[in-house]
1. To check my understanding: the extent here is largest minus smallest coordinate of the Cα atoms along each principal axis. What are those three numbers for region B:185-237, in Å, largest first?
2. For the interface of chains C and B, what total accessible area is buried with a 1.4 Å probe, rounded to the nearest 100 Å²?
3. Suppose we keep just the alpha-carbon trace of region C:202-309; what are its Rg and Dmax in angstrom?
4. Under a Cβ-only charge scheme (Lys and Arg +1, Asp and Glu -1), can you give me the dipole magnitude of region A:1-145 about the Cα centre, in debye to the nearest 20?
5. Please calculate how many Å² of accessible area region B:1-71 carries per residue, with a 1.4 Å probe and no DNA, RNA or ligand atoms counted.
6. Give the distance, in whole Å, between the Cα centre of region B:86-157 and the Cα centre of region A:90-113.
7. Which whole-percent values make up P(r) of region B:2-41 when all C-alpha to C-alpha distances are grouped in 5 Å steps starting at zero?
8. Helix B:112-122 versus the longest principal axis of chain B: what is the Cα-based angle in degrees, 0 to 90, to the nearest 10?
Amino acid sequence: MKPRIIERASPAHRVWQITGWAILVVAVLVIAKGQPNYRLLLMSNAAALSVAILGLNLVVGFSGQISLGHSAFFGFGGYTAAVLIVDHDWPFLATLPVAALFGGVLGFLLGLPALRIRGLYLALVTLALAIVFPSLAKIDQLADLTGGANGKPVPVGWHRPSWFPLKVTQQGWQFLVLAALAGLLFFLASNMVRSRAGRALVSLRDNEIGATVSGVYPAGWKTGAFAISAAYASMAGAMLTLAIPIVAPDTGGFVLAIQLITGLVLGGIGIISGSVVGALAIVWLPELTRSWGKFLPLFSENKTALLANAAYGILLIAMMFVMPGGIMWFVRFVRSKFVRFVPRLPKVSSLDEDVEVGPISAATVQQTQGGSA
Amino acid sequence: MSLLDVKGLTASYGPVPVLHGLDLTVDEGEVVVLLGANGAGKTTTLRALCQMGLVNIGGSVSFDGQRLVGRRPEQVVRLGIAHVPQGRGTFGELTVEENLQIGAYVRSDSEVRADIERAYQIFPRLGERSAQHAGSLSGGEQQMLAVARALMSRPRLLLLDEPSLGLAPLVIKDLFERFAELNHSLGTTMLIVEQNANVALAIAGRAYVLETGQIVLEGPAEQLRHNDAVRRAYLGF
Amino acid sequence: MLLAASVIAKVPGIDSGFFRLAFFLKLVSNGLVNGAVYALMALTVVIIYRTTSHLNFAQGEMATFGAFIVFALAIQQGIPYVFAIIIAMVISMVAGAGFERFLVRPVEKRSALGVVIVTLGLFLTLNAFTAAIWGTESVDVLKPFPGGLGDKFTFMDGPPQFFVTYKAVGIWITLAVLVIALWWLLQHTKLGLAYRAVASNRESSLAVGIPVGRMLMLGWAISAGIGTLAAVLISEQSNNLDFNLMGVVLLYGFAAAALGGFDSIVGAVVGGMIVGLVEALVPQLFTFIGSELSLAMALAIIVIVLLVRPQGIFGTKRIERV
């Protein structure tokens, strides 16, 4: 069966896109209304994490720089929101752009030296950053600001406003807000990568020398990518305070850093929608392992958290062998059997075939055709 | 029976085919040249013969009656083929002496030391620099080192990939004279892949011309030197 | 120098007790002992990096697992330490070679990022399994060297005393023996020459007939063995054995390797010692740096070295292959 070809930006494509978003919206509403509270909390977590993973995706998948430490930006954003809300009485929504801005500046500052530290070394530095973040958050001198080792409680307390038609619980409302924010941010990101800016980034990722020669200067684009990805991760950290009313040093630490990477790999590096899938996977995995753990002799009796970690680890390795492109890559692969999205085809006249022939063969051809050499 | 017998050799990098069915032979004691421009597939041919990775190889390659296709690279070396890669491929961080020692890796006899001394006799400049890091040698010296290293395994067939690349004309002339010398005195069979047809054809017995992955011409070197098309394309006159 | 010391001691934030000789010597010797272990970890980093240009992020967890095998054999089964350690090292070496062959090599053909992810995955898996098998609580500490209160050489009677414990000496001797053995292996054997050749030029190594794959496995095996040894030593030195034993030590190992040069054996030793000294001296000298920030110092070392002089002190300037 031949796949159906749909041109991008054509009416058919628009129908497809709108249907997709509509399904998502309906799904979110259904979940918000129907699911028990503890599950809604997990979904809120997933919504926030999906934005963080999206940030990571932008820098790893689209600009080709390895960052293993985006959890530090997440924690930073969370603390920023906490300080603004608790110490300065800011409303929740207002803290988000600020967290993004600060995160972006921080990302820019870190992205500058990152230009000089390539590849593997950058992975090492960013990983060390994630490991160090909790220590930084626990510095005694900053305890007034950060709440020290115990973290800083952030009572946001935003209840469903009376004008909202759907009757949902507190957790349901939180989830709706976060899902809406996430959706907006995903939409933005999706447009960004399809724009000239996005394509410049991808060209840098795939072939830096070729791109530079074509006029795409690495330094600006790469630090820009770093900054934007940090802004996303930071905003995600701020977002989470709505659902989880505390920020703690470990929020931005090593464990989260690994979870973000796991989510990125599971969902699909370089695929925007993969970030959602990845976030759902890492949030729900511990739930799954909690129920299976009983059946595995090694991991029963309170060791199910360990099983989750083991599962993350095994999945990471397995994905590299089986599905390095991630789950969404596989989904797209299956989808491509049925429908394929192609860029808008330019109208050109038929091109003359140019066959590369060496001098000897050309001479031979001429001779056999009876012409003079 | 030829020492090296290649029939229908194909090779590709992933999905991109580079060689489209080569036939060539090299007899014991010969110097055979494979001429070709950039992109013709010369390096790929040698790599396909040595079973070096990244190349999907098809067809038949027979060395001294033994099948080569599908063997591991170290097995090819043990069978008696030595490969001097493009760009010299010396071990820059090792000394000249260590480069020669490692050239004899597949040997376990006691004459390695003697062979190293002989290499210093043939290439005195290497002897002078025996304790220096190979990376600090000039281009011509590195090429000599690469050849000397290849000879350390006492190969029956020496494969040389564009030995003239990046070297000054006088150095090239000297180098190829030594190749001829080695062939006469040691009887080493050589398959030289080159762009520089002038020097290569001067020492070769037979030659092939490779274009976009296919052999388009073959014959005695002298004959090819006087072939009009070859002269125009590769000899510049 | 005493004058300078007394002046510096008056600067606020600097602990004036720092400069009492016995105390200072004690810090230095502690720093050098920890430094020896960091040097060992740095060696594992360097050995693998030289031939593969990869960093094994799971090295620490592999080492911890090895230390727990020693625990199971020596403490739970009562086997003498020497045998327990040797058996554990052999098991680690086989595992290390296996990881290289089956987990890393198939993936490295496709992407360098893939190898990073695989080693991270291995980190998680091993960490979880170690805790699952032996629990998350601290267990009895390994004591291959006599570690009682009296087992030391006393140099100054004090107060405060300055002494060097037998186990400290044991650790230094272990490092020295290992480094000499490595040096001899690399510089004076055919195997070592082949290894250095692979580190220098992988393609030419193939051309010369070296079984490159086996060399890579050998590198991972040796690193795994050294890692296990390092874990055993740090367990005794820090009086602790739990499933997170080597997490931080690996980071210090990376810092030491960065400082010394990722492809230099000498650099690993020197770097390890320096990192150990810095870790011991700096928080005592500048009291506003609490012990929490030792990790931050390691990070700072890594960042500064990579920005200012990526090849470290002894490393060679190489074209970054990633």
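The values are calculated or read from the model by the stated rules, or taken from the named source; none is laboratory data. All figures in this text were calculated on a predicted structure; none of them were measured in a lab. Cβ coordinates were reconstructed from backbone atoms using ideal geometry, including for glycine residues, and neighbour counts include every protein chain displayed. Just the protein is used for accessible areas: all its heavy atoms, side chains included, with ligands, DNA and RNA removed. Shrake-Rupley method; radii C 1.70, N 1.55, O 1.52, S 1.80 Å.
1. Each principal axis gives a Cα extent; for region B:185-237 these are 34, 24, 17 Å.
2. On the way: alone 15850 and 10780 Å², together 24790 Å².
The C and B chains share an interface burying roughly 1800 Å².
3. Spelled out, the Cα radius of gyration and Dmax of region C:202-309 are 17.1, 58 Å.
4. Values: 9 positive and 5 negative charges, 178 e Å.
With Lys and Arg at +1 and Asp and Glu at -1, about 860 debye.
5. On the way: 2820 Å² over 71 residues.
On a per-residue basis, 40 Å².
6. Their Cα centres are 59 Å away from one another.
7. 7, 18, 22, 25, 16, 8, 3, 0
8. In chain B, helix B:112-122 runs at an angle near 70 degrees to the longest axis.
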